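So the structure is just underneath, and the comments pick up after that.
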Amino acid sequence: METRAPLSAHGKENLCLVMDPECSRLLPALCAVLVDPRQAVADDTCLEKLLDWFRTVTEAGSSLLLLQENPCLVDLLSHVLDLKPQDVSPRVLSFSLRLAGTFAAQEDCFEYLQQGKLLLGLFGEAGPLSWAVWSVPTVRSGWIQGLKSLVQHPSGLHFLGDSGAVDALFSLQGDSSLFVASAASQLLVHVLALSMQGKAKGSPSPKGNAWPACAQKIVAHVEASLCSAAVLQVTQALNVLTTTFGRCHSPWTEVLWGQLSPLVAHLLESDPIPAAHSLVDLLLSVARSPVFASADCALWETMARMLSCLSPTQAGPLALGTLKLQHCPQALRSQAFAVLLQPLVCILRATAQAPGPPGLLDETVEGDSMTVDTLLSSKSACVGLLCQTLAHLEELQPLPQCPLPWPQTLLMEAVVIILRLCDGSAAPSSSEGRRLCGALAGCVRVQRAALGFLGMLSQGTSSWELVPQVFAILLETLESPASSPTVLKKAFQATLHWLLDTPKPPGCLGLGPHAPLFLRELFPVLQKRLCSPCWEVRDSALEFLTHLSACWGGEADFREALLASEVPKLTWQLLRDPESYVRASAVTTMGQLSSQGLQAASNSPGHSEVQQGLVGELLHILSVDSEGFPRRAVARVFTEWLRNSHADVARDTEWFVATVLQMVSQDLDWEVRAQGLELVQVFLAQTLGQPNPPCPYAVALPKVTPPSPLPEVLQTLCQMQIFDFAFRALFDCDRPVAQKACDLLLFLRDKTAPCSGLQEPGNSSDVASVEATLERWQAGEQGQPLGSLEPEVVLAALRSMDLEGLQGRLAESSDHVEKSPQSLLQDMLATVAVLEENVADCY
Amino acid sequence: MPEIKVTPLGAGQDVGRSCILVSIAGKNVMLDCGMHMGFNDDRRFPDFSYITQNGRLTDFLDCVIISHFHLDHCGALPYFSEMVGYDGPIYMTHPTQAICPILLEDYRKIAVDKKGEANFFTSQMIKDCMKKVVAVHLHQTVQVDDELEIKAYYAGHVLGAAMFQIKVGSESVVYTGDYNMTPDRHLGAAWIDKCRPNLLITESTYATTIRDSKRCRERDFLKKVHETVERGGKVLIPVFALGRAQELCILLETFWERMNLKVPIYFSTGLTEKANHYYKLFITWTNQKIRKTFVQRNMFEFKHIKAFDRAFADNPGPMVVFATPGMLHAGQSLQIFRKWAGNEKNMVIMPGYCVQGTVGHKILSGQRKLEMEGRQVLEVKMQVEYMSFSAHADAKGIMQLVGQAEPESVLLVHGEAKKMEFLRQKIEQEFRVSCYMPANGETVTLPTNPSIPVGISLGLLKREMAQGLLPEAKKPRLLHGTLIMKDSNFRLVSSEQALKELGLAEHQLRFTCRVHLQDTRKEQEMALRVYSHLKSTLKDHCVQHLPDGSVTVESILIQAAAHSEDPGAKVLLVSWTYQDEELGSFLTALLKKGLPQTPS
């Protein structure tokens, strides 16, 4: 049983904040079941959810009152203690420990439970700690979690000190379960912080020997662990300290560091350095703490020493962390950056490339041999170090703390050569270079990392002379038959970055000098990739094309290169791809190309036929495609076309919308139906004007005057069967559709009232008939059509409906009833009876 | 000491959210990345923070392997790869790769539809995640990198389910995922060769159960459906789009055909077409009978099962409807259930597990008055049946698999602690191997004895062969050579070659032993006596008496000297090189026995 954060905020909103009478009535029976060894409890999730609910209830009110009103809860805790060892269920015990802790978090309730010696029984040395069931990790985890909840006040702290729990926590730090060990460390930090809480205000902070006993005990244990010869113990101590400095930013932490830093520094003298990874975390945690914002020379010295004596792979995270610090001496930053760059510099040296700007390498010589050794020692070490370095640099570049000057040229050259080593096109002459070649040839991991970083490098200021080199390697990668689908995806992303962020010489307009040339070479490659046997590649190519045409659709060079290629034709063919993901992407791409008049040569005589053909093709997909993705994509494209007044839509908008709705309303995929409502919304905004701003203080958009008088518009809407569609959607079995339909009908109602041009309906039986049909629809019988509607009847029906009430109900998650505590308690009780029949099954 | 480490983040003494970390010879592999459907918050996913604290995920993990498409084995994958940030390779079989996104999408739609969850993975994330997948064939050895290789074996259970062998050098682990050792109506039985892994990680859902034949359950199911439609009732079977639905469809289709029934059967998902497409595509993964009859009749082309339209639910008369989702927690199955629940002639058959909180769970636990939205109470009068069609190996099947694979040790996951304990003891007794059952978060460490491959030079081998003896498999032979460790490789070569390759000069190493003999004769005479003795004893060796008075036998040098303290004694200094260690020792022992008395 791991110890996770109890519940997300989202989960909480569905839980009742108070104990209602129905729950109070069910609780005694449930408590009795829990302590009955003959009854088995359904599953862990039920107990977890029950605990979530108690936590919510106690956070909102008095725990003491809760226990007094529901004595069965205290009985549950005492019964658990009275059970015979063989009858104790680890799950129930763990639950009880956590429940007791939750109640005892309030001091008065703590005192109440203490009177009955319940807490000592549960958490003291004679309790579960000494029982056989302690060997079950769930119990140990529950014990720690319970204590953690309990230790929220001075009484809890005293209890912890007196009960001997701190010693148990020390040993639990080395528990066989990761979850338990981690929770024990967290609790020690919590206890340390809480016991020092009162001391935070006094300045200067008292020396360690004047600290509360509990804090002193923990610190002494940490000190002893730091001096231990066992790496595991050192690691535990370092982890406790890392969490402490990460969470507590009071002056006492400065005193603590002053006391412990010599011991930490001493660790650096061992070879190899014990628990290097944890040590790095600790130093960074201390350096990040605002308490140490003023220059602490000793800390920086320790970090500098650490940087120089760790192996390159271990030093990487420290270097990155150092560079991300807000305040840090320049010398240390330079050292850290040099460490980070070193593997790339070594690659450049080994492959006899120009080693970047003068001066940069001077600082890197120190650890050079160690880096070279790592790179050459084995293939996996080489790959590991390079991937890590490239990822660190990729993370660093967009940050405001990014070091300056940023050696853009060196990095670009290094990445290009790494990619060449991977694809085998580099032929280094040195023996190191050849060995690197052997280690990296065909290495997909390094290729992916390098392409990721190369994409990020497009954001830097590069000299535009270097850009052709980048384009050349990207093209080679995209072209190479050896490139795997994941590499190609990264290559497409990097290419997109470089195309869109290409540096241009000053005064250059359009796409710059390199892009047109590159595009002419790119499209044949793209053509090939659109025909790839791997759906992943076809899809990535289409996504790339969509993004590129969205940004560059208006650029003459781009249009020319695209239309001169077979790419639009191939994209069209992919509308019938066997893979639904690809069909969906092809729909999006065609939608994009068509919006920009890019689907065929614009001067070809058959342009409008092609265009008409596309609408027909997309409608065909919408009506017959067996899968949701392409149909959803079509509905989205149509909505976009309507929004942007696409020529084919503008020709006969009403016909278009009505045709689409007719198909969409029958769709089995609720997301397609929801997209249909989106389409209607855009259409209504265009015909009736924008919805009113929800906030009265928001700046109102200029009102669009409907092009036709309202009665006519309503008549058209009726003819288009928009109301039929919206009413049907209102009672859809899928909540988001109903929710959207409700919003839409509210908008319609607001826009049409008061509608001066319309009379009250002459025949009230028409209204009654519509209302009756709607009621049947609501009951799930949607077989009967609504028939032809008159605007007056629709408006009357709209006004008579409680749309606001429906909106409120739909806003709730549709399983809020089943998620309620009553439902949970009922389920748990009901399950007990039938558990034996339906043996724990799974999927 | 080399070791294999296993840490379950999920499926350790529980069912749901399978996720097991294996560290083998420095490689880290994640086995399955499942989701627990019983939780509505982040607890549904395994707690990945225990991996992320080891640095960047993609650097730490060498690969993720998914055993099959069920969500408790793959449901957290898009979250892990697109939200937590794993960017490395994911391996699964071809059918799993095809079907997995359908179920993930199905679940995403329900989560967003029903609960309005905004912080959930999107369709795009599922697609991006699937693009990281490398699909594998059965019995194909796939190199993840130079050292790590994986191989898939047929697991039965569901279409595309596989067991995986993970191998680094001579160390290996087999992970079963979920498997079934008996063939069912559409799939075959799991099989693995005698691969003798260091560790077998096996599921143990039915650790203590010996399951009755599936035929009985099938008969029972058909009988209940038939009885209900005969009396004019409607049957609702809530299912997930793929998997059990197809198995039950085949069952009903065959029965309808045999009995010539006319009552309509509907399938409501709109996914039948796709599901059938995949079953046709991956026909080689189904059982023998389906494969054999495929040419005459495709079992996945149903004559009696038609697509369902919402309006059909109100039609009078009997019918059978398969509707999604499977736990009656949203969408169409719930809508139909609400319509039909009030009629005692109708029946709902739940063919699988339901998590707490769902209507499926409530009716299975016997609740008959369900509170619905808006304080409405739905009275359930229709009959409720539960029929487990889940296809897991039972205790006998698990033992059978252990016997088949012959592992050095076994580790149990995906089961309840109590039942596992029983099976653990049984395995240890029967197979005399260690069996582990770690809880989630607990690490099991197994020491291993790796065999390190050593290359032998041709020259050395030829020299050995020249000595005339042919090597025999069962008779080990001593071979002298020099072991060179270079670039993580080991090679055995002759000493001369080693010296040459390493550019080293040869050092002479001589061992000297002093043998004390009581003899008053002069040193020269003594040496002569030694010479005569050895000459007569060692007929096959070259024994020489040198002019300086010393005696040599091959490279062994023997000199006689006076004893410094005892004038009545002499000392024989015997010195030899390490190559003649055997002869040197023999001579020393021989001389220690003394020299034969010369005839006076």
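Quick grid of which residues meet (1) touching a residue at least 40 places away in the same chain (Cβ under 8 Å); (2) β-branched (Val, Ile, Thr); (3) within 19 Å of B:Lys593 (Cβ to Cβ); (4) in a strand (DSSP E or B):
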site: B:Met526; (1), (2), (3), (4): yes, no, yes, no
site: B:Lys539; (1), (2), (3), (4): no, no, yes, no
site: B:Gln544; (1), (2), (3), (4): no, no, no, yes
site: B:Ala561; (1), (2), (3), (4): no, no, no, yes
site: B:Leu572; (1), (2), (3), (4): yes, no, yes, yes
Selection count, segment A:787-813, where residues are crowded, with 17+ Cβ neighbours inside 10 Å, more than 14 Å from chain B (Cβ to nearest Cβ) and part of a loop (DSSP other than H, G, I, E, B): 3
Scope segment B:371-398; condition more than 24 Å from B:Glu218 (Cβ to Cβ) and without any contact (Cβ under 8 Å) to a residue 40 or more places away in the chain; matching residues: B:Glu371, B:Met372, B:Glu373, B:Gly374, B:Arg375, B:Gln376, B:Val377, B:Glu379, B:Val380
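Looking at the structure I just gave you, is B:Leu517 under 49 Å from the mean Cα position of the chain (by Cα) and either under 30 Å from A:Ala439 (Cα atoms) or surrounded by 11 or more Cβ atoms within 10 Å (Cβ to Cβ) (or both)? Walk me through how you get there before you give the answer.
Values: under 49 Å from the mean Cα position of the chain (by Cα): no; either under 30 Å from A:Ala439 (Cα atoms) or surrounded by 11 or more Cβ atoms within 10 Å (Cβ to Cβ) (or both): yes.
Judged against the criteria, B:Leu517 is not a match.
So, in segment B:66-92, of the ones that are facing chain A (nearest Cβ under 9 Å) and under 20 Å from B:Val15 (Cα atoms), which residue ends up surrounded by the fewest Cβ atoms within 10 Å (Cβ to Cβ)? If you could, list the steps in order and put the result at the bottom.
Applying the first criterion (facing chain A (nearest Cβ under 9 Å)) to segment B:66-92 yields B:70-73, B:87-89.
From what is left, the residues that are under 20 Å from B:Val15 (Cα atoms) are B:70-73.
Numbers: B:His70: 28, B:Leu71: 22, B:Asp72: 25, B:His73: 32.
Filtering segment B:66-92 for residues that are facing chain A (nearest Cβ under 9 Å) and under 20 Å from B:Val15 (Cα atoms), the one surrounded by the fewest Cβ atoms within 10 Å (Cβ to Cβ) comes out as B:Leu71.
Report yes if some residue within segment B:259-279 is part of a helix (DSSP H, G or I) and modelled with pLDDT of 85 or more; otherwise report no. Lay out the reasoning, then the answer.
Taking segment B:259-279 first, the residues part of a helix (DSSP H, G or I) are B:259, B:272-279.
Within this subset, residues satisfying the condition of being modelled with pLDDT of 85 or more are B:259.
Checked segment B:259-279: at least one residue is part of a helix (DSSP H, G or I) and modelled with pLDDT of 85 or more.
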Residues (surrounded by fewer than 24 Cβ atoms within 10 Å (Cβ to Cβ) and β-branched (Val, Ile, Thr)) located in segment B:326-356: B:Ile349, B:Val355
Number of the exception - A:Leu268 against (1) surrounded by fewer than 22 Cβ atoms within 10 Å (Cβ to Cβ); (2) under 15 Å from A:Ile218 (Cβ atoms): (2)
Positions within segment B:363-391 being at the interface with another protein chain (Cβ under 7 Å from one of its Cβ atoms) and within 37 Å of the chain's Cα centre (by Cα), in sequence order: B:Leu364, B:Ser365, B:Tyr386, B:Ser388, B:Ser390
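Quick one: how many residues across segment B:160-178 are within 13 Å of chain A (Cβ to nearest Cβ) and either free of Cβ contacts under 8 Å to residues at least 60 places away in the same chain or not small (Gly, Ala, Ser) (or both)? Break it down stepwise before answering.
Let us first name the residues in segment B:160-178 that are within 13 Å of chain A (Cβ to nearest Cβ), namely B:161, B:168-169, B:177-178.
Those left that are additionally either free of Cβ contacts under 8 Å to residues at least 60 places away in the same chain or not small (Gly, Ala, Ser) (or both): B:168, B:178.
Residues flagged as within 13 Å of chain A (Cβ to nearest Cβ) and either free of Cβ contacts under 8 Å to residues at least 60 places away in the same chain or not small (Gly, Ala, Ser) (or both) within segment B:160-178 amount to 2.
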Subset tally (residues that are in contact (Cβ under 8 Å) with a residue 12 or more places away in the chain, in a loop (DSSP other than H, G, I, E, B) and either buried (at least 22 other Cβ atoms within 10 Å of the Cβ) or touching a strand residue (DSSP E or B) at 6+ places or on another chain (Cβ under 7 Å) (or both)) for segment B:357-370: 3
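Return the only residue of B:Pro8, B:Pro46, B:Pro2 being on the phi < 0 side of the Ramachandran plot and either among the β-branched types (Val, Ile, Thr) or within 9 Å of another protein chain (Cβ to nearest Cβ) (or both). Please lay out each step first, then the result.
Details: B:Pro8 fails: either among the β-branched types (Val, Ile, Thr) or within 9 Å of another protein chain (Cβ to nearest Cβ) (or both); B:Pro2 fails: either among the β-branched types (Val, Ile, Thr) or within 9 Å of another protein chain (Cβ to nearest Cβ) (or both).
Only one candidate qualifies: B:Pro46.
Answer with yes or no whether B:Val142 is over 20 Å from B:His414 (Cβ atoms), of a type in the set (A, V, I, L, M, F, W, C) and at pLDDT 95 or above. Let's see the steps before the verdict.
Values: over 20 Å from B:His414 (Cβ atoms): yes; of a type in the set (A, V, I, L, M, F, W, C): yes; at pLDDT 95 or above: yes.
Considered against the rule, which asks whether it is over 20 Å from B:His414 (Cβ atoms), of a type in the set (A, V, I, L, M, F, W, C) and at pLDDT 95 or above, B:Val142 comes out as yes.
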Of the criteria (1) in contact with a Leu (Cβ under 8 Å, 6 or more places away or on another chain); (2) within 30 Å of B:Thr482 (Cα to Cα), which one B:Gly503 fails: (1)
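Quick test for you: out of A:Gly452, A:Gly460, A:Gly442, A:Gly512, pick the one residue that is crowded, with 17+ Cβ neighbours inside 10 Å, in a loop (DSSP other than H, G, I, E, B), in contact (Cβ under 8 Å) with a residue 40 or more places away in the chain and out of contact with any Ser or Thr (no Cβ under 9 Å at 6 or more places or on another chain). Before the answer, list the steps.
Values: A:Gly452 fails: in a loop (DSSP other than H, G, I, E, B); A:Gly442 fails: crowded, with 17+ Cβ neighbours inside 10 Å; A:Gly512 fails: out of contact with any Ser or Thr (no Cβ under 9 Å at 6 or more places or on another chain).
Unique residue meeting the criteria: A:Gly460.
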Test: B:Val402 is touching a Leu at 6+ places or on another chain (Cβ under 7 Å) and either under 30 Å from A:Ser380 (Cα atoms) or loosely packed, with under 15 Cβ neighbours inside 10 Å (or both): no
Answer residue from segment B:160-212, given it is charged (D, E, K, R), surrounded by fewer than 24 Cβ atoms within 10 Å (Cβ to Cβ) and assigned to a strand (DSSP E or B) and is nearest to the chain's Cα centre (by Cα) among those: B:Lys167
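Got a sec? Which of A:Leu744, A:Leu758 is surrounded by 21 or more Cβ atoms within 10 Å (Cβ to Cβ), within 18 Å of A:Thr687 (Cβ to Cβ) and either modelled with pLDDT under 75 or in contact with a helix residue (DSSP H, G or I) (Cβ under 9 Å, 6 or more places away or on another chain) (or both)? It would help to see each step written out before you state the result.
Values: A:Leu758 fails: surrounded by 21 or more Cβ atoms within 10 Å (Cβ to Cβ).
Going through A:Leu744, A:Leu758 in turn, just one is surrounded by 21 or more Cβ atoms within 10 Å (Cβ to Cβ), within 18 Å of A:Thr687 (Cβ to Cβ) and either modelled with pLDDT under 75 or in contact with a helix residue (DSSP H, G or I) (Cβ under 9 Å, 6 or more places away or on another chain) (or both): A:Leu744.
Conditions (1) within 21 Å of A:Lys49 (Cα to Cα); (2) at pLDDT 95 or above, marked per residue:
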| site | (1), (2) |
| --- | --- |
| A:Ser62 | yes, no |
| A:His79 | no, no |
| A:Ser89 | yes, no |
| A:Ala105 | yes, yes |
| A:Cys109 | no, yes |
| A:Gly124 | no, no |
Filtered residues of segment A:172-195 (kept if among the β-branched types (Val, Ile, Thr) and crowded, with 23+ Cβ neighbours inside 10 Å): A:Val180, A:Val191
Selection count where residues are modelled with pLDDT of 90 or more and out of contact with any Phe, Trp or Tyr (no Cβ under 9 Å at 6 or more places or on another chain), scope segment A:653-672: 6
Residue tally, condition more than 14 Å from every other protein chain (Cβ to nearest Cβ), surrounded by 13 or more Cβ atoms within 10 Å (Cβ to Cβ) and not aliphatic (A, V, I, L, M), over segment B:423-449: 7
Exclusive hit being touching a helix residue (DSSP H, G or I) at 6+ places or on another chain (Cβ under 7 Å), assigned by the TED database to the domain that holds B:Asp146 and modelled with pLDDT of 95 or more, set B:Ser81, B:Ser23: B:Ser81
Filtered residue count, segment B:303-356, keeping only those that are in a loop (DSSP other than H, G, I, E, B) and under 18 Å from B:Gln376 (Cβ atoms): 6
Count of segment A:64-93 residues which are within 14 Å of chain B (Cβ to nearest Cβ) and over 23 Å from A:Glu818 (Cβ atoms): 7
Selected residue [assigned to a helix (DSSP H, G or I), touching a Gly at 6+ places or on another chain (Cβ under 7 Å) and either without any contact (Cβ under 8 Å) to a residue 40 or more places away in the chain or among the hydrophobic types (A, V, I, L, M, F, W, C) (or both)] from A:Leu147, A:Leu160, A:Leu169: A:Leu147
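Tell me the residue from A:Arg25, A:Arg55, A:Arg38 that is over 21 Å from A:Ser149 (Cα atoms), at pLDDT 90 or above and of a type in the set (Lys, Arg), please. Talk me through it step by step, then tell me what you get.
Details: A:Arg55 fails: over 21 Å from A:Ser149 (Cα atoms); A:Arg38 fails: at pLDDT 90 or above.
Going through A:Arg25, A:Arg55, A:Arg38 in turn, just one is over 21 Å from A:Ser149 (Cα atoms), at pLDDT 90 or above and of a type in the set (Lys, Arg): A:Arg25.
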A:Gly61 being farther than 20 Å from A:Asp162 by Cβ and either within 14 Å of chain B (Cβ to nearest Cβ) or surrounded by fewer than 16 Cβ atoms within 10 Å (Cβ to Cβ) (or both): yes
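The values are calculated or read from the model by the stated rules, or taken from the named source; none is laboratory data. In this text, all values refer to a predicted model and were calculated from it rather than measured experimentally. Note: ideal-geometry Cβ built from the backbone for every residue, glycine included; neighbour counts use all protein chains shown.
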